[in-house]
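Q: First the structure, which I've put down as structure tokens, then a few questions once you've had a look.
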Amino acid sequence: MTNQEKMKIPRQPMPEQDPLVRRRNFKEVPLGYSPETAVLEASRCLSCPNPRCVTGCPVHVDIPGFIARLADKDFPGAYASLIKDNSLPAVCGRVCPQESQCESKCVLALKGEAVAIGRLERFTADRHRAEAKEENVPIPASSGKKAAVVGSGPSGLACAYELLKAGFSVTVFEALHEPGGVLVYGIPEFRLPKDIVRSEIEGLKKLGAEFRLDSLVGRLYTIDELLKEEGYQAVFIGSGAGYPKFLKIEGETLNGVYSSNEFLTRINLMKAYREDSVTPPIKGKRAAVFGAGNTAMDSARTALRMGFEEVFIVYRRSRDEMPARAEEIHHAEEEGVQFLLLSNPVRFLGDENGSLKAVVCQRMELGEPDASGRRRPVPVPDSEFELPVDTAIVALGTEANPLLRQTTPDLPCSERGYIIADEDGRTKKPGVYAGGDIVTGSATVIKAMGAGKKAAQAIIKDLM
Ligand SMILES: Cc1cc2nc3c(=O)[nH]c(=O)nc-3n(C[C@H](O)[C@H](O)[C@H](O)COP(=O)(O)OP(=O)(O)OC[C@H]3O[C@@H](n4cnc5c(N)ncnc54)[C@H](O)[C@@H]3O)c2cc1C
Ligand code: SF4
């Protein structure tokens with residue numbers, strides 16, 4: 001096929017569950033490409049000699065390489081090419097913001113629509129999983145080195161993967177009872193089925209990783225104890241930034257007011273939608289979610305699936321400033337989430353039992369741009385109004401948990417509590433490396449993976 005013929009093929013749409021059906025179930029929203037659609041989409045790629053798409057990928061996947069194999073219907077070859085650079089392709093194919101990374105750089109995006117790289121990545125990984133036979137994965141020859149990874153989110157998993165491939169003995173310490181970090185406790189099932197995360201983690205276990213769950217580093221062992229007493233020659237900290245931020249307004253301790261972190265964790269990890277759950281079930285009729293990032297969209301869409309009749313996103317700026325991915329906003333709207341823009345919560349009102357009954361909001365208007373470049377919201381005088389709700393979810397972002405900072409006094413941290421590490425993940429404390437959200441603040445899965453991979457390369461270089 002000539003390049004001109006390739007450029008005439010339209011970008012292939014992804015089939016999805018009907019919005020009115022999916023708003024009440026936790027099944028995955030996009031349904032995935034068929035092999036025929038994937039091959040057709042792959043055949044749009046021009047196999048550029050200097051592929052711009054690769055420069056947009058934080059882990060530098062050989063994008064034209066794996067897509068060329070797909071176009072040739074060599075599905076195992078495509079997977080083998082993909083997995084060389086990305087240890088979690090089924091996850092990244094679903095949650096990476098490709099529109100601002102690889103796909104934004106694709107030459108086809110200059111004049112039309114980029115190759116659907118994310119959808120092809122997802123297809124390749126899913127196809128491999130569906131066809132995979134029980135195989136004996138060869139364990140790399142031991143290098144005699146031993147490393148500890150603190151946190152089993154994408155940064156920790158990517159770091160562990162690289163170290164395992166280099167023959168390290170790797171122990172991953174995870175505070176929660178299930179590994180995966182935000183992939184299991186934050187991102188909901190309907191965007192990222194947990195079976196997929198589990199199966200990608202199984203791959204690491206087959207390579208020899210040991211996972212120690214319910215193990216909070218800083219309490220069980222300090223970082224110094226891991227290095228000096230437990231025999232680890234290097235420690236990678238990928239503990240994320242999961243500490244919730246609050247509105248700090250009157251009534252925030254009423255029953256029915258949650259941080260998005262608590263709300264999503266209780267539903268994703270502790271299955272609060274089931275009557276036999278270990279956590280009290282979350283029930284209500286009207287929910288307000290404060291914030292307009294991806295976490296807010298996830299919380300609002302989760303609330304709908306929990307049976308709430310009406311769900312509002314309350315945001316103090318306008319639609320143009322909403323930080324969530326356009327696709328997430330679109331999905332939330334399609335499912336019936338209502339947007340109360342230019343509105344800011346001022347206080348919560350409770351009933352005689354201490355339960356939330358309403359939130360008082362104030363109208364806002366946009367003034368001059370602030371330091372972030374976005375127009376500053378300014379309160380409109382005498383514009384307060386009451387929004388009756390029985391549930392409120394505060395999704396204003398997160399920050400660093402102080403535990404490791406407090407128990408490792410010589411670990412340099414920024415004023416805001418994030419660990420200071422160089423480009424390669426080295427901290428100033430010998431033997432200690434860090435990456436992901438605990439260094440950068442809340443970012444993305446693939447950036448955290450890129451940081452974990454780089455830190456592993458630094459550890460390998462320093463120890464071998
Ligand atoms: C609701 C939500 C939705 C998101 N959606 C997307 C998305 O669609 N696409 C995207 O790219 N990004 C998304 N993100 C951001 C992305 O998930 C994070 O940037 C990424 O997970 C960061 O990875 P990490 O490895 O640094 O940390 P995390 O994923 O936070 O993992 C850290 C792990 O460390 C554990 N831990 C913490 N302290 C300790 C300790 N002392 N001892 C042992 N274990 C410890 C935690 O329990 C956790 O399991 C989302 C985030 C949230 C909250
Ligand atoms: S830039 Fe686009 S067309 Fe070129 S190799 Fe990458 S995906 Fe293919």
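Q: Pairs, please: C-beta under 7 Å, at least 6 apart or cross-chain, first residue under 12 Å from P58 (Cα atoms) and in segment 90-106, second within 10 Å of ligand 1 (Cβ to nearest atom) and among the hydroxyl-bearing types (S, T, Y)?
A: C96/T444; P97/T444
Q: Here's another thing I want to ask about it. Would you check which residues across segment 146-181 are out of contact with any Asp or Glu (no Cβ under 8 Å at 6 or more places or on another chain) and among the aliphatic types (A, V, I, L, M) and list them?
A: A147, V149, V150, A158, A160, L163, L164, A166
Q: Follow-up. Looking at the structure I just gave you, is S87 touching a residue at least 24 places away in the same chain (Cβ under 8 Å), part of a loop (DSSP other than H, G, I, E, B) and either touching a Phe, Trp or Tyr at 6+ places or on another chain (Cβ under 8 Å) or in the same structural domain as L183 (by TED's automatic domain parsing) (or both)? It would help to see each step written out before you state the result.
A: Working: touching a residue at least 24 places away in the same chain (Cβ under 8 Å): yes; part of a loop (DSSP other than H, G, I, E, B): yes; either touching a Phe, Trp or Tyr at 6+ places or on another chain (Cβ under 8 Å) or in the same structural domain as L183 (by TED's automatic domain parsing) (or both): yes.
For S87, the condition - touching a residue at least 24 places away in the same chain (Cβ under 8 Å), part of a loop (DSSP other than H, G, I, E, B) and either touching a Phe, Trp or Tyr at 6+ places or on another chain (Cβ under 8 Å) or in the same structural domain as L183 (by TED's automatic domain parsing) (or both) - is met.
Q: Do the conditions hold for M270, that is, is it part of a loop (DSSP other than H, G, I, E, B), under 21 Å from the mean Cα position of the chain (by Cα) and either buried (at least 24 other Cβ atoms within 10 Å of the Cβ) or away from ligand 1 (no atom under 11 Å from the Cβ) (or both)?
A: It is true that M270 is part of a loop (DSSP other than H, G, I, E, B), under 21 Å from the mean Cα position of the chain (by Cα) and either buried (at least 24 other Cβ atoms within 10 Å of the Cβ) or away from ligand 1 (no atom under 11 Å from the Cβ) (or both).
Q: Of the residues A80, A130, A42, which is within 14 Å of ligand 2 (Cβ to nearest atom) and among the small types (G, A, S)?
A: Exactly one of A80, A130, A42 is within 14 Å of ligand 2 (Cβ to nearest atom) and among the small types (G, A, S), namely A42.
Q: Go through the residues of segment 86-102 one by one and say whether even a single one is modelled with pLDDT of 90 or more, farther than 20 Å from K8 by Cβ, polar (S, T, N, Q) and near ligand 2 (Cβ under 10 Å from one of its atoms).
A: Within segment 86-102, none of the residues are modelled with pLDDT of 90 or more, farther than 20 Å from K8 by Cβ, polar (S, T, N, Q) and near ligand 2 (Cβ under 10 Å from one of its atoms).
Q: Oh, and also: Pairs only if they're at least six apart or on different chains, beta carbon under 9 angstrom, first in segment 60-76 and more than 18 Å from C96 (Cβ to Cβ) and part of a loop (DSSP other than H, G, I, E, B), second of a type outside the set (A, V, I, L, M) and away from ligand 1 (no atom under 16 Å from the Cβ); list them, first residue then second.
A: As it stands, the answer is K73/P35, since those pairs meet every condition given.
Q: Among the numbered conditions (1) within 30 Å of V21 (Cβ to Cβ); (2) surrounded by fewer than 16 Cβ atoms within 10 Å (Cβ to Cβ), tell me where R374 comes up short.
A: Failing condition for R374: (1).
Q: Continuing with the same structure: Which of the residues that make up segment 76-102 are away from ligand 1 (no atom under 14 Å from the Cβ) and of a type in the set (D, E)?
A: Listed by number, the list holds a single entry, D85.
Q: If you don't mind, another one. Can you confirm whether segment 43-55 contains a residue that is in a helix (DSSP H, G or I) and under 18 Å from K453 (Cα atoms)?
A: yes
Q: Can you name the condition, by its number, that V21 falls short on among (1) within 14 Å of ligand 2 (Cβ to nearest atom); (2) part of a helix (DSSP H, G or I)?
A: (1)
Q: Looking only at segment 149-160, decide whether some residue is within 15 Å of ligand 2 (Cβ to nearest atom) and either surrounded by fewer than 19 Cβ atoms within 10 Å (Cβ to Cβ) or at pLDDT below 95 (or both).
A: Within segment 149-160 (the criterion being within 15 Å of ligand 2 (Cβ to nearest atom) and either surrounded by fewer than 19 Cβ atoms within 10 Å (Cβ to Cβ) or at pLDDT below 95 (or both)), the answer is no, since none of the residues qualifies.
Q: Still on this structure, I have one more. Could you tell me whether any residue of segment 46-61 is surrounded by fewer than 17 Cβ atoms within 10 Å (Cβ to Cβ), among the aliphatic types (A, V, I, L, M), over 30 Å from G336 (Cα atoms) and assigned by TED's automatic domain parsing to the domain that holds P89?
A: yes
Conditions (1) of a type outside the set (D, E); (2) assigned by TED's automatic domain parsing to the domain that holds G291; (3) closer than 30 Å to T295 by Cα; (4) buried (at least 16 other Cβ atoms within 10 Å of the Cβ), marked per residue:
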residue	(1), (2), (3), (4)
F211	yes, no, yes, yes
D214	no, no, yes, no
Y221	yes, no, no, yes
Y232	yes, no, no, yes
V235	yes, no, yes, yes
G238	yes, no, yes, yes
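Q: Looking only at segment 351-371, filter to residues that are touching a Lys or Arg at 6+ places or on another chain (Cβ under 6 Å) and buried (at least 16 other Cβ atoms within 10 Å of the Cβ); which one of those is farthest from R286 (Cα to Cα)?
A: The qualifying residue farthest from R286 (Cα to Cα) is L366.
Q: Is it fair to say L247 is at pLDDT below 95 and either of a type outside the set (D, E) or under 16 Å from S152 (Cα atoms) (or both)?
A: yes
Q: Which residues, taken from segment 1-18, are at pLDDT 90 or above and not in a helix (DSSP H, G or I)?
A: Within segment 1-18, T2, I9, P10, R11, Q12, P13, M14, P15, E16, Q17, D18 qualify.
Q: Regarding segment 204-221, can at least one residue be identified that is among the acidic types (D, E) and more than 21 Å from N261 (Cβ to Cβ)?
A: yes
Q: Still on this structure, I have one more. May I ask you to verify whether Y185 is away from ligand 2 (no atom under 16 Å from the Cβ), under 20 Å from G450 (Cα atoms) and under 22 Å from the mean Cα position of the chain (by Cα)?
A: Here the answer is no, as Y185 does not meet what is asked.
The values are calculated or read from the model by the stated rules, or taken from the named source; none is laboratory data. Quick caveat: nothing in here was measured; it's all calculated off a predicted structure. Backbone-built Cβ (ideal geometry, glycine too); neighbour counts: all protein chains shown.
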